[in-house]
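Please treat every number below as a calculation from the coordinates, not as lab data. Computed from a predicted model, the values in this text were never measured in an experiment. Neighbour counts are summed over all protein chains in view; Cβ atoms, including those assigned to glycine, are modelled from backbone coordinates with ideal geometry.
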Amino acid sequence: MIQHTGNERVEKGREGLRSLREFRTEMYGMLAAAFLSPPTTEWLESLSEGNFLNVTDEVFGAELSGELRALLQSRTGLDELQGGLLREYEELFRIPGGKYVTPYESVFSDTFDAAGEPIRGLLSGQSVIDVKKWYRLARFEIPEDFLDLPDHIGLELRYLADLCAKESELEELGDTERVERAWEMERDFLAAHPRRWIDALARKVASKTQNPYYLYVTAVAQLFTARDLTTLEEVLGEASGSSAPDYAAVGS
């Protein structure tokens, strides 16, 4: 557990995490949704109004959203644009083919032994086993309509959104110890899983498509997870480095 040193810098960091809770929950939730399904017309309309793009511009720089803004402001209607992004999503993340990018951690991170020879790029490796342990630890309920593998990038990000939201419930109970345990879990899971492979995933997506929406989504996911892990480690210390959790649940 975190040692309460009374250090002013650490206490200020904790307050910073509390102030960022709503933003972090929203960011992880939106990124998860972007990887789990194609955008709806309503979401594209919200993007075209600029609020979310303005936030990411402020945090990561305006050049990140430039091409996406141009696409949203083009003569293409939102319904037509949504149809094109639906096809792009299917080709990128669902239908094996020339553009296909496997959205699973095992494919990018795990090694299988085949007669003494390491093989990479296969589904359902150790990452699946380990992320399921993290999910059980936080009593994370996988949505009933999610029929994919547990190490899908979208589900990993959804888990982080769920943990961030759980902080609010614990804060209302006045349970600061469990709030800090939630922060620990976010830090250690983020370091052991999404941050371990999201950069490679983003590079792969960039090699397969020039679509501004998916280039934006993967770039934001890269930058935000990197910054969030840095913030958590500045407050809590370095991540444990363990792929599977080695401590008790938030609710224990």
> Size of the dipole of the chain about the Cα centre, Lys and Arg at +1 and Asp and Glu at -1 on the beta carbon, nothing else charged, in debye to 20?
Replying inline: 580 debye
> Which part of the range 151-171 falls in the paramagnetic zone of residue 21, meaning amide N under 11 Å from the point 7 Å along Cα-to-beta-carbon?
Replying inline: 164-171
> Which whole-Hz ³J(HN,Hα) couplings does the range 105-111 yield from phi under the Karplus relation 6.51 cos²θ - 1.76 cosθ + 1.60, θ = phi - 60°, glycine and proline marked x?
Replying inline: 4, 3, 5, 8, 10, 8, 10
>> Can you return the lysines within cross-link range of residue 204? Criterion is Cα-Cα under 16 Å, with same-chain partners fewer than 8 residues away left out.
In response: 99
> Looking at 112, 78, 215, which one has the Cα that reaches farthest to the positive end of the dipole of the chain (charges on Cβ: Lys, Arg +1; Asp, Glu -1)?
Replying inline: 112
> If you take the charge dipole of the chain about its Cα centre, with +1 on Lys and Arg Cβ and -1 on Asp and Glu Cβ, which of 61, 198, 147 is farthest toward its positive end?
Replying inline: 198
> Using the C-alpha gyration tensor of the chain, what are the square roots of 5 times its eigenvalues, in whole angstrom, with the largest one first?
Replying inline: 31, 25, 16
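Would you list the membrane-span-like helices of the chain, meaning whole DSSP H runs whose alpha-carbon atoms span at least 15 Å along their axis and whose mean Kyte-Doolittle value is at least 0.5?
The answer, listed by residue number, is 212-236.
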> Separation between the residue 203 and residue 58 pseudo-spin-labels, each 7 Å from Cα along Cα→Cβ, expressed in nm?
Replying inline: 3.3 nm
